[in-house]
Amino acid sequence: MEHALTATPAWVSLAYLIAGVLFILALRGLSSPETSQQGNRYGMIGMVIAVATTLIVHGVGLPLILAAVAIGGGVGYVIAQRIQMTAMPQLVAGFHSLVGLAAVLVGVAAFLNPVAFGIADLIHVAVHFPGVQIDPTPVGTIAIIHPASRVEMGLGVAIGAITFSGSVIAFLKLNGNMGGAPILLPARHVINLGTLVAILALIAYFTTDQSAWVFFTILVLSFAIGFLLIIPIGGADMPVVVSMLNSYSGWAAAAMGFTLQNTAMIITGALVGSSGAILSYIMCTAMNRSFISVIAGGFGGDAAGPAGASGPAKAYKRGSAEDAAFVMKNAESVIIVPGYGMAVSQAQHALREMGDLLKKEGVNVKYAIHPVAGRMPGHMNVLLAEANVPYDEVFELEDINGEFAQADVAFVIGANDVTNPLAKTDKTSPIYGMPVLDVERAKTVLFVKRSMGGAGYAGVDNPVFYMDNTMMLLADAKKMVETINKDLG
Amino acid sequence: MEHLIPQLSIFVLACFVGYYVVWSVTPALHTPLMAVTNAISSVIIVGALVAASAATGGSEISRWLGLGAVVLASVNIFGGFAVTQRMLGMYKKKEKKVAAGK
């Protein structure tokens, strides 16, 4: 028996370790906007070190590799420069799918050529083993993949495949190529659980039998389960899904890191995996839902769903842009509450203009962001930043919720369920227990909404619409704000 | 097997580091956080490069798969870091009256 892996030089291990530490610093930088750009540069340096080290150690045929990097890098860079900020959720989902697919390709490559990855022992044999088709298989020699590596590889390709197919579905839903409404198969829980169990069982069996059929069945089942897991999840639960897939892409990288015995990959995988897991947790808490119930799916289509307000139509006050401008001009403080509707109608720039006009009138303007506003964590913050809203005017739920009681105006634009007071009082409501913004405490609530039909994603009517101090501004968010700006200016 | 324990130690400790570092990320930067984690998870390119080089000879398919993975991971690395940089450049403080924008 001979060990195929030549010992790794110490400097190589150190280089990968340094890359890993730089990735930690990249995330650390994000603790404040001031340090964030420096952090991002640490991340880039870490990546250069990791790639350069690998190129040197493995003596890679450079021209072909450079061509591959140039093609991929060029495409990625152009996309990154051109993408609209409102499309960030689908971009991130799309990128996750690529990480997943890359993990799968690396896993398959490692399976086909385990000796190159140093995860197999060459055994010289007189007879050819039937059923073992591993390359390279010189006559009389077969490559036996280490059992531990088989588990790592199996897990790596399984998670990678789930990340890939799941992210593709998430991308299609977020990009509008596929309806946001949950698609519910009968007996889906049984099918999903069965598939998961089958994948785990096959990975266990893979340690005893390294046949190609085992490996590729794991792969196919994993692609299927990623698809099955995401199709029943509705559009509004996408913040959790995107975070979860983020987490999976990390675990896939970590599993491949174990296979390759690469410190940088293991550290990064652990970082990304826990990052996505924490974001999923934050999103679930912000909706007062358990992770399991989100994953089980079936909750929440899009606002256009049939679950509109039932029963007799209730009375509400409708206002005009002129009224809104008048109320806000005479206010001392205005708190703006943006939601997904603002992103859909691209109203962030007009909104910032409105804020500027109000500030000129001496009004104190602040923004209040609910953690699940939008389609991914922090979505609203990026859009407001894009529109040049200073980040110190933007506040998180727990920091600003006490201020609504003193505010003259709460200006709700494109948000709904996150302002619904039923979440605090109505135990039968599907959103009961979800932390909400107390907009109803403001002296006046201005509620920008496309029309009175169609409740929020949860299909729950919002009592704020019918309050005496609420004025409904029924129009497209951007058009409404632009008209208000004309009246203010 | 002898490699497994040190690797597992690194992994577990890195999970803890990740836990504390990510909780300290300000919620306003959660979107850039996702973009940058996406970029760094493309460190999987290391595996892709090994497969693409496959100096030990071996299967042609394996090499092309590796090359394909290099392309995909490169999209992510360049795209992920670039879009993160672009987003982070937008976050401005009130005091600094910068006339950036369109």
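Bear in mind that the values in this text are calculations on the coordinates, not laboratory data. Bear in mind the structure is a predicted one, so any value in this text is a computation, not a measurement. Because the Cβ atoms are built from the backbone with ideal geometry, glycine has one as well, and the counts that use them run over all protein chains shown.
Fewest to most neighbouring Cβ within 10 Å: what's the order for A:ARG41, A:ARG150, B:ARG63? The partial results should precede the final answer.
Details: A:ARG41 16, A:ARG150 26, B:ARG63 21.
Ascending number of Cβ neighbours within 10 Å: A:ARG41, B:ARG63, A:ARG150.
With R₀ fixed at 25 Å, the C-beta to C-beta distance from B:HIS3 to A:ALA212 puts the FRET efficiency at about 0.50.
Given a Förster distance of 56 angstrom, what is the FRET efficiency for A:SER451 paired with A:GLU34, based on the Cβ-Cβ distance and rounded to 0.05? Kindly include the intermediate steps, with their values, before the conclusion.
Numbers: r = 42 Å, r/R0 = 0.75.
That gives a FRET efficiency of 0.85.
Comparing B:VAL50, B:VAL83, B:VAL17 in a Gaussian network model of chain B where C-alpha atoms under 10 Å apart are linked, the largest mean-square fluctuation is found at B:VAL17.
Treat the count of other C-beta atoms within 10 Å as a stand-in for reagent exposure and order A:GLU440, A:GLU398 from fewest to most. Please list the in-between numbers first.
Working: A:GLU440 20, A:GLU398 10.
With the sparsest Cβ surroundings first, the list reads A:GLU398, A:GLU440.
Within the range A:364-489, all pairs of alpha-carbon atoms sorted by distance into 5 Å bins from zero give the percentages 2, 10, 19, 24, 24, 15, 5, 1, 0, 0. Hydrophobic long helices, here whole DSSP H runs in chain A with Kyte-Doolittle means of at least -0.5 and Cα atoms spread over 30 Å or more along the helix axis, are found at A:33-58, A:88-112, A:147-174, A:238-260, A:263-287.
Here's how it looks for A:VAL363: its modeled amide H is under 5 Å from none belonging to a residue 5 or more places away or on a different chain.
Rounded to two decimals, what is Rg over Rh for the range A:349-405 when you use alpha-carbon atoms and the Kirkwood radius? Write out the running numbers ahead of the final one.
Working: Rg = 11.7 Å, Rh = 12.0 Å.
Dividing the radius of gyration by the Kirkwood radius yields 0.97.
Each principal axis of the Cα cloud of the range A:226-299 was evaluated for its coordinate range; sorted largest first, these ranges are 41, 25, 16 Å.
Using 0.36 nm times the number of residues separating A:LYS427 and A:ILE56, minus their current alpha carbon distance, what extension gain do you get?
Numbers: separation 371, 0.36 × 371 = 133.56 nm, distance 6.26 nm.
Taking A:LYS427 through A:ILE56 to full extension adds about 127.3 nm, to one decimal.
Under the convention that each Lys and Arg Cβ holds +1 and each Asp and Glu Cβ holds -1, the size of the dipole of chain A around its Cα centre is about 520 debye. Taking the number of Cβ atoms within 10 Å of each Cβ as an exposure proxy, the fewest-first ranking of A:CYS284, B:CYS15 is B:CYS15, A:CYS284.
The distance separating the Cα centre of the range A:5-46 from that of the range A:160-200 comes to 33 Å.
Give the separation of the Cα centroids, the range A:201-231 to the range B:29-94, in Å. Cα centroid of the range A:201-231 versus Cα centroid of the range B:29-94: 25 Å apart. At q = 0.08, 0.12 Å⁻¹ the log10 of I(q)/I(0) for chain A amounts to -0.58, -1.08, computed by Debye summation with a single uniform scatterer per C-alpha, solvent ignored. Within the shell defined by Cβ-Cβ distances under 15 Å, the residues around B:ALA28 carry a net charge of -3, with Lys and Arg each +1 and Asp and Glu each -1.
Amide H contacts for A:VAL445 (H built 1.01 Å from N in the peptide plane; partners 5 or more residues away or on another chain; cut-off under 5 Å): A:ALA410, A:THR470, A:MET471.
Taking every DSSP beta bridge that has both residues in chain A, what percent is antiparallel when rounded to the nearest 5? Walk me through the numbers before you get to the answer.
Details: 7 of 30 bridges.
Around 25 percent antiparallel, to the nearest 5.
Kirkwood analysis of the Cα pair distances in the range B:20-75 returns a hydrodynamic radius of 12.9 Å. Taking 0.36 nm per residue of separation and subtracting the current Cα-Cα distance, fully stretching the chain between A:TYR466 and A:ARG41 would add 148.0 nm.
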